[in-house]
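Undergrad: Structure below; questions to follow.
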Amino acid sequence: MILTVTMNPSIDTRYTVDHLIVDDVNRVVPAKTAGGKGLNVSRVLVQLGDDIVATGLLGGHSGAYLGELMDADGITHRFTPIAGESRTCIALLHDGNQTELLESGPVVSAEELEAFVGNYTDLVSDASCVTLSGSLPKGVPADTYARLVAIAAEKNVPVLLDTSGAALDAALDAEVKPTLVKPNLTEINDLLGTSFTPDELSELQAALAADERFADIDWVVVSMGAAGSVAFHGGRVLRAKAPRIECVNATGSGDSTIAGFAHAIAAGADDEEVLRCGNTCGTLNAMDPQTGHLVMDKWDEIHSAVEISEL
Ligand code: ADP
């Protein structure tokens, strides 16, 4: 079973209007999905046919509704209940733009967090791979992902971490490292204080090699949107070039990439296949209008078109 963690899930609500009329009425029809990066990962894993359990923190009436949305998507879920209401995030598609209104979400108490850690520890025992995705809600200390990584490592379960800011800093500074991190180019440049482009991968390699925080991470994968990704793994540098496609909606491509990595790592795939699978999922998500959803009937075409080379 693959365990996905979403600490701050949300009812993702999309409204589409041709033109947004400011300071007047706009009539809309909502499209709602169970959101948060970890739930995007979960949806893609369900599409890939994996046995998964989604966990995290869920609260109030919106938490109950999120449970129904997960059921509808075929996602098995074992969330820890909290007192606060789970959040709603709104994406407004208008005039060729995407305007987002993101609630910060509930405040989590220390007792609720400990209940979650207990639930997580039980679930990890049956997991072949764990994904930790997204931001941490208020009240949850920045080193919580580092703690979850250590719990999984004790049971020899690989952990894929996709977060940013203080939560990523704490995980990189911890003694026990995640198996894989997947910053995008902007995030890695922020971390390193650099401004590398996809044409400066040997410079990126040198900067990562000189930075102790990455020393014990088995897979450091830097995703680069339409340019694909580059993986630093086992002393090798593997470049994956994404095939040229018509991009419909790349939101969730990073989450889909994580799902592809988890799918391949849990199946014991070789290094090239891990990278190919992640990139295939990222690209197939970009071809689909929905977030965290793959155009599965293009799987064979895209999977064989991803170019992997060793630098
Ligand atoms: P994030 O969503 O984390 O910022 P990226 O935008 O780097 O992640 O996308 C993750 C992966 O999805 C890329 O490495 C690539 O494989 C795929 N991808 C994203 N956008 C495109 C695109 N326009 N064309 C082809 N593949 C894409």
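Undergrad: Anything in the range 225-242 that is farther than 17 Å from Ala207 by Cα and either surrounded by fewer than 18 Cβ atoms within 10 Å (Cβ to Cβ) or of a type in the set (Phe, Trp, Tyr) (or both)? List them, or say none.
TA: Gly225, Ala226, Ala227, listed by residue number.
Undergrad: A follow-up question, please. Only one of Gly260, Gly225 is near the ligand (Cβ under 8 Å from one of its atoms) and not β-branched (Val, Ile, Thr). Can you tell me which?
TA: Every option except Gly225 fails the conditions.
Undergrad: Among the listed residues Arg213, Arg239, which satisfies the condition of being within 13 Å of the ligand (Cβ to nearest atom) and touching a Leu at 6+ places or on another chain (Cβ under 7 Å)?
TA: Only one candidate passes the filter, namely Arg239.
Undergrad: Here's a follow-up. What are the residues in the range 263-292 that are in a helix (DSSP H, G or I) and within 12 Å of the ligand (Cβ to nearest atom), if any?
TA: Once the filter is applied, which keeps residues that are in a helix (DSSP H, G or I) and within 12 Å of the ligand (Cβ to nearest atom), the range 263-292 yields Leu275, Arg276, Cys277, Gly278, Asn279, Thr280, Cys281, Gly282, Thr283, Leu284, Asn285, Ala286.
Residues are listed down the side, and each one gets a yes or a no for (1) assigned to a strand (DSSP E or B); (2) of a type in the set (A, V, I, L, M):
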| residue | (1), (2) |
| --- | --- |
| Lys32 | yes, no |
| Arg43 | no, no |
| Leu66 | no, yes |
| Gly74 | no, no |
| Gly84 | no, no |
| Leu101 | yes, yes |
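Undergrad: Within the range 243-253, work out how many residues are in contact (Cβ under 8 Å) with a residue 40 or more places away in the chain and surrounded by fewer than 24 Cβ atoms within 10 Å (Cβ to Cβ).
TA: Total satisfying the criteria: 7.
Undergrad: Given the conditions (1) free of Cβ contacts under 8 Å to residues at least 12 places away in the same chain; (2) among the charged types (D, E, K, R); (3) crowded, with 18+ Cβ neighbours inside 10 Å, which single one is not true for Asp71?
TA: Here Asp71 clears every test but (3).
Undergrad: Oh, and also: When residues of the range 45-57 are filtered for being surrounded by fewer than 24 Cβ atoms within 10 Å (Cβ to Cβ) and part of a strand (DSSP E or B), how many remain?
TA: The qualifying residues number 1.
Undergrad: Here is a list of conditions, (1) buried (at least 21 other Cβ atoms within 10 Å of the Cβ); (2) among the hydroxyl-bearing types (Ser, Thr, Tyr); (3) more than 19 Å from Asn40 (Cα to Cα), and Thr99 meets all of them except one; can you say which number that is?
TA: Result: Thr99 passes all but (1).
Undergrad: Shifting gears a bit: Criterion first (crowded, with 17+ Cβ neighbours inside 10 Å, under 20 Å from the mean Cα position of the chain (by Cα) and not β-branched (Val, Ile, Thr)) does Leu92 satisfy it?
TA: Against the criterion (crowded, with 17+ Cβ neighbours inside 10 Å, under 20 Å from the mean Cα position of the chain (by Cα) and not β-branched (Val, Ile, Thr)), Leu92 does not qualify.
Just so you know, all these numbers are worked out from the coordinates, no wet-lab data involved. Bear in mind the structure is a predicted one, so any value in this text is a computation, not a measurement. A quick note on method: Cβ atoms are made from the backbone with ideal geometry, for glycine too, and the neighbour counts reach across all protein chains shown.
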